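Contents: one structure, followed by commentary.
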Amino acid sequence: MIRPRTPSLFRPSTGPDQSLLVENRRLVAEIDRRKLLRGTLSLGALTFLTGCDISDHASVQSALRTVSSFNDAVQALLFDPKRLAPTYSLADVVKPPRFNAYYEVEDVRPVDPGTWKLELSGLIGDRHPWTLDEIRALPEQEIIIKHICVEGWDYIGQWSGPNLRRFLTRIGADLTAKYVAFHCNDDYMECIDMASALHPQTILATKYAGEPITDPYGAPLRLRTAVKLGYKNAKWVRAIEVTNTYPGGFWENQGFNWFAGL
Ligand SMILES: Nc1nc2c(c(=O)[nH]1)N[C@H]1C(S)=C(S)[C@@H](COP(=O)(O)O)O[C@H]1N2
Ligand SMILES: [Mo]
């Protein structure tokens with residue numbers, strides 16, 4: 001069985017009147033991960049933001065949830081679908097890619113690229129499954145981008161594969177739908193908003209540093225987008241679903257926020 005690890009951000013730390021914030025780290029992380037990392041989000045600031053008197057566990061949690069879902073809506077509204085994220089040079093590329101998952105690397109169950117198929121479901125005109133060869137025959141886009149994990153680390157990677165907008169168009173997906181969800185072979189699932197799915201720097205990566213993605217790095221296909229935090233970049237993708245019904249997500253279901261834009 002898979003043993004989930006404890007992300008470093010959530011390991012208990014001490015501090016006199018910060019204990020309620022520590023208990024609610026996941027929600028605090030949503031609100032401002034930079035402030036959290038600098039340790040400058042205080043109970044006083046939260047009281048100011050929400051206008052509520054925050055003195056117990058329940059009120060801290062509900063105040064954090066309110067600010068967090070408000071943040072999601074505002075971020076989605078502010079998202080500029082044309083603004084490009086920074087790209088880097090070949091010399092910056094880390095090889096091999098840095099590994100991270102909600103479990104340890106020894107627990108990775110490798111996927112066989114030979115039998116693997118990409119399943120399609122939801123608001124898609126042509127839902128026939130795609131083999132890896134069919135996907136590899138599509139025009140490829142390469143992006144050298146920074147991967148940023150909320151746990152406080154990042155790395156620059158070189159990814160290539162079909163552009164997601166082109167792929168969604170090709171399969172007759174409803175591009176006015178709200179969500180594109182990625183179901184993975186390791187029971188992970190994440191969804192992104194359609195605007196981010198259609199962003200020019202969002203691809204279905206089948207290669208890293210010019211070579212096919214191998215395990216334990218999420219073979220054979222991963223979502224790579226320059227406009228989302230690490231946890232939105234689903235690895236070992238086995239199915240894509242287009243939907244108007246909010247499908248949740250592995251981290252969202254545990255209190256992380258949904259938009260998670262950069
Ligand atoms: N299928 C799957 N995708 C996943 C995860 C996972 O556990 N399973 N972890 C996410 C998180 S939190 C991060 S930071 C990145 C890590 O990607 P990396 O291995 O390239 O560093 O994958 C994301 N995608
Ligand atoms: Mo992450």
Practice item. Please state the charge dipole magnitude for the chain, taken about the Cα centre, from unit charges on C-beta atoms (+1 on K and R, -1 on D and E), reported in debye and rounded to the nearest 20. Key: 480
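Using the heavy atoms of the protein chains alone and a 1.4 angstrom probe, what is the accessible area of the stretch 41-83 per residue in square angstrom?
64
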**Study point:** Rounded percent of accessible protein surface that carbon and sulfur make up, the chain, 1.4 Å probe
**Key:** 54
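Could you pull out the longest piece of the chain with no exposed loop trypsin sites (Lys or Arg not before Pro) in it, calling a site exposed if DSSP puts it outside H, G, I, E, B and it has at most 13 other Cβ atoms within 10 Å? Before the final figure, lay out the partial values.
Numbers: sites that count: Arg5, Lys82, Arg83.
Result, exposed sites excluded: 84-262.
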Review point. Any idea of the accessible area per residue across the stretch 86-183, 1.4 Å probe, to the nearest Å²?
Key: 52
Practice item. Step through the table entries Lys95/Lys117; Lys178/Lys228; Lys178/Lys207; Lys117/Lys228; Lys82/Lys207; Lys146/Lys207, compare each Cα-Cα distance with 23 Å, and write down the pairs that go over it. Key: Lys95/Lys117; Lys178/Lys207; Lys117/Lys228; Lys82/Lys207
Review point. Are there GluC sites (Glu not before Pro) in the stretch 38-119 that DSSP marks as loop and that have at most 16 other Cβ atoms within 10 Å, and which are they?
Key: Glu104
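How big is the shadow of the Cα convex hull of the chain, averaged over all directions, in nm²? Write down the numbers at each step before the final one.
Details: hull surface 58.6 nm².
Approximately 14.6 nm², given one-decimal rounding.
The values are calculated or read from the model by the stated rules, or taken from the named source; none is laboratory data. Note that the structure is predicted; figures quoted are calculated from it, not measured. Counting neighbours? That spans all protein chains shown, and the Cβs are built from the backbone with ideal geometry, glycine included. Calculation scope for accessible area: heavy atoms of the full protein, side chains included, ligands and nucleic acids excluded. Shrake-Rupley method; radii C 1.70, N 1.55, O 1.52, S 1.80 Å.
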